[in-house]
1. Condition first: at pLDDT 95 or above and within 18 Å of A:L350 (Cα to Cα). Now tell me which residues in region A:212-228 satisfy that.
2. Look through B:V158, B:V162 and report the one residue that is open to solvent by less than 30 Å² (accessible area, probe 1.4 Å), of a type in the set (V, I, T), part of a helix (DSSP H, G or I) and without any contact (Cβ under 8 Å) to a residue 60 or more places away in the chain.
3. Where in region B:291-363 are the strands (runs of 3 or more DSSP E), entirely inside, with at least 1 residues that are touching a Ser or Thr at 6+ places or on another chain (Cβ under 7 Å) and farther than 21 Å from B:W183 by Cα?
4. Quick one: A:A244 ticks every box in (1) within 11 Å of chain B (Cβ to nearest Cβ); (2) more than 18 Å from B:Y304 (Cα to Cα); (3) of a type in the set (A, V, I, L, M) bar one, so which box is it?
5. For the structure I just gave you, tell me whether A:I128 is open to solvent by 10 Å² or more (accessible area, probe 1.4 Å), aliphatic (A, V, I, L, M) and in contact with a Phe, Trp or Tyr (Cβ under 9 Å, 6 or more places away or on another chain).
6. Would you list the helices (runs of 4 or more DSSP H) that sit entirely within region A:30-140 and hold 3 or more residues that are at pLDDT 90 or above and either aliphatic (A, V, I, L, M) or away from DNA strand C (no atom under 12 Å from the Cβ) (or both)?
7. Kindly indicate whether A:A305 is open to solvent by 30 Å² or more (accessible area, probe 1.4 Å), closer than 30 Å to A:Y124 by Cβ and either more than 14 Å from chain B (Cβ to nearest Cβ) or at pLDDT below 95 (or both).
8. Return the residues of region B:38-70 that are away from DNA strand D (no atom under 12 Å from the Cβ) and within 23 Å of A:R163 (Cα to Cα); say none if nothing qualifies.
Number of protein chains: 2
Amino acid sequence: MTAAEKHQVSRASASRRARGGSRLSGRAGIRDVAAAAGVSITTVSDALNGKGRLPDATRSHVREVAQRLGYRPSAAARTLRTGKSGLIGLTVTTYGEEPFTFTEFAYFAEMARAATSAALARGYALVILPATSRHDLWSNVALDGTVVIDPSDEDPVVTELVRSGLPVVSDGRPSGSLPVAAWVDNDHEEAVRGLLDHLAEAGARRIGLLTGTSTDTYTRLSTTAYFDWCARVGQEPVYEHYPAHDHCAGAVAADRLLARPDRPDAVYGLFDPNGTDLLAAARRYGLRVPEDLLLVCCSESSVYATTEPPITTLSLKPGRIGNTVIQLLIDAIEGIGGDAPVHQVMPTDLIIRTSSQRRSPRTTVSAPRSPGNAPGPSDPADA
Amino acid sequence: MTAAEKHQVSRASASRRARGGSRLSGRAGIRDVAAAAGVSITTVSDALNGKGRLPDATRSHVREVAQRLGYRPSAAARTLRTGKSGLIGLTVTTYGEEPFTFTEFAYFAEMARAATSAALARGYALVILPATSRHDLWSNVALDGTVVIDPSDEDPVVTELVRSGLPVVSDGRPSGSLPVAAWVDNDHEEAVRGLLDHLAEAGARRIGLLTGTSTDTYTRLSTTAYFDWCARVGQEPVYEHYPAHDHCAGAVAADRLLARPDRPDAVYGLFDPNGTDLLAAARRYGLRVPEDLLLVCCSESSVYATTEPPITTLSLKPGRIGNTVIQLLIDAIEGIGGDAPVHQVMPTDLIIRTSSQRRSPRTTVSAPRSPGNAPGPSDPADA
DNA sequence: TTGAAAGCGCTAACAC
DNA sequence: GTGTTAGCGCTTTCAA
């Protein structure tokens, strides 16, 4: 009696048969392949997964039969058995009622693109999940780990995830004492210092800041760095703030900043839309850029390359961050690298355009910073 | 002997115990909850899933115990058992080597946001997957269905998915004869006609087109509609095309279009960056917008509201599309609605700004079209 | 009303 | 080398 023949009367096959045979039960299973190839299911499993020490002949024969039968292994069964799903959660802290903040469109999109790409390269896929604490959703999907973008103070979702033993890596340093396995962030303070220095070198005497009222780390660090810089060079701070992620409020604040009696002769806008808003405001007040007003804003958008005039932007390099976050997370999942939490600080790029140059307007140059303090175990590519 | 006591000596518990007890084996399982609550695992399952006819007392008691033990049902096991994962694949046709095309950032981001949101509302999560035919990735995740954005001709991935019996709904009508369960698309031809009429009404005598060389449906339909319109009004077509999704080529083509001897007095750009490119080109040739040149481009980006001058855009309403696609897909997954493929055509919005108005520049108005031919079974909200 | 038992499809020990 | 077997943790008949 061959293996295949034995299989004919085996329990599983019988129950299948009772229900009308494998054709009616939908897709072919590993048993069908085994039967058709005349081997056992173990051999099929090993052949398809490249395990065991099978002769190449068997391996290729099984593969061929599986192919012919259109066999697709069940991801659910594999996950249940191995405890690994190959799925990574991706979540963004919510600011509104929608499950995602795409206010910073370009940043998020690029970060997500890079993360997805990096994960895929290592055999993982990303699942987009909301930052709400709705357990049912999170527990309905088997995750190997999670990436959290901009975790808020003591984020309940993150806390819960970490407590359940799931590796969590965050984009942006966690505000409180969230016990994430690792985090990646830009050196925001250094970035602001560098950019203010750049403006000062271009001739700015009084640099203003357009910032948000929100207390997230990015806003806080950047604003603090601005005040520190002002204190150091002996300039009185000139700033306006508004509820971040409220575009209209941003436009109004931009206008307010340029309407002040102590009008700044240079402005740095912390958020993506600030550039166009400030440009529009400058136009209303008849201020020429860069002659009367120097402008820099933090943005990943390429539109600032073609505005009139082109605007100098600070890029946070979201692609690089997304990639790094994923490498760190997968390393943690697979137990590569140490157990100690990794904190990786990434440099930013100042893309210098006309709006911040009074003299000779070169086109584009970058002013990278030091590459960070705690090099991770991986080798993140650039983005 | 109570159920709980019997459970103590049951097979599963024993094997667990042999490995050192449930505490060491990680998270609490349904058996632990059953034991702690003094009921059977069936009762736990029913109590937690709101099934069966249990007294409320039992139900709440079980829930409480589960809560206390920090019990989280295993998604993998449930998926294996029920055949439903609650996961929906999201894929975008690739144009480059990267797994995603975010060239049309704003469109994709907004579409994905809306889709994610809609899916979540119905208890599903989205998994981002590459359009490559790498089987290993697709078969590593248990999907209930898939959304395909911009399926290309006879897309092998889509074909494969459909053949495996998975419901597939596409954003953008499939070019060939891909047997998707449903598709959603804009009425591109009507959109172009409406927009050209609008330009003509604003005084345009010769309207140019900036378009792509790619053969995707959007480009094809829009370009054809342009030629048809020209034929109807008796205008000679004036157009330049370039490899879509190549930003630099777009800028060059924009320049070329305005450098022609038969220079158009109005231009429609099919792709997002065309607006700023055309504006830059106009500036180089000393053309005032809208006085010398009327401008419209297809874009979801809000930057066109603050350019100088603000540019009229055609919005494809990606949010609405993302939502509809998901409703259709989940309906198909859950067997709601008929079996016949649904083709839903969605209206576009023309957001009229200064760049297309020679007379009184009102701020913003929409020119919606007919709501489509085959109303789907769902009730997609607006976005 | 509640419980026992049978698997969902696969992988990994461990026999042969 | 290859096959047998025992579950992964859950849902779901079916019996009590």
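1. A:S222, A:T223, A:A225, A:Y226
2. B:V158
3. Fully inside region B:291-363 and qualifying: B:294-298, B:312-315, B:349-351.
4. Of (1) within 11 Å of chain B (Cβ to nearest Cβ); (2) more than 18 Å from B:Y304 (Cα to Cα); (3) of a type in the set (A, V, I, L, M), only one is false for A:A244: (1).
5. Spelling it out, A:I128 is indeed open to solvent by 10 Å² or more (accessible area, probe 1.4 Å), aliphatic (A, V, I, L, M) and in contact with a Phe, Trp or Tyr (Cβ under 9 Å, 6 or more places away or on another chain).
6. Where helices (runs of 4 or more DSSP H) fall fully within region A:30-140 and carry at least 3 residues being at pLDDT 90 or above and either aliphatic (A, V, I, L, M) or away from DNA strand C (no atom under 12 Å from the Cβ) (or both), they are A:75-82, A:105-121.
7. no
8. Those that are away from DNA strand D (no atom under 12 Å from the Cβ) and within 23 Å of A:R163 (Cα to Cα): B:R63, B:E64, B:V65, B:Q67, B:R68.
The values are calculated or read from the model by the stated rules, or taken from the named source; none is laboratory data. Worth saying up front: this structure is predicted, and the values here are computed from it rather than measured. Methodologically, a virtual Cβ is constructed for each residue, glycine included, from the backbone with ideal geometry; neighbour enumeration extends over all protein chains shown. Heavy atoms of the whole protein, side chains included, go into the accessibility calculation; ligands, DNA and RNA do not. Shrake-Rupley method; radii C 1.70, N 1.55, O 1.52, S 1.80 Å.
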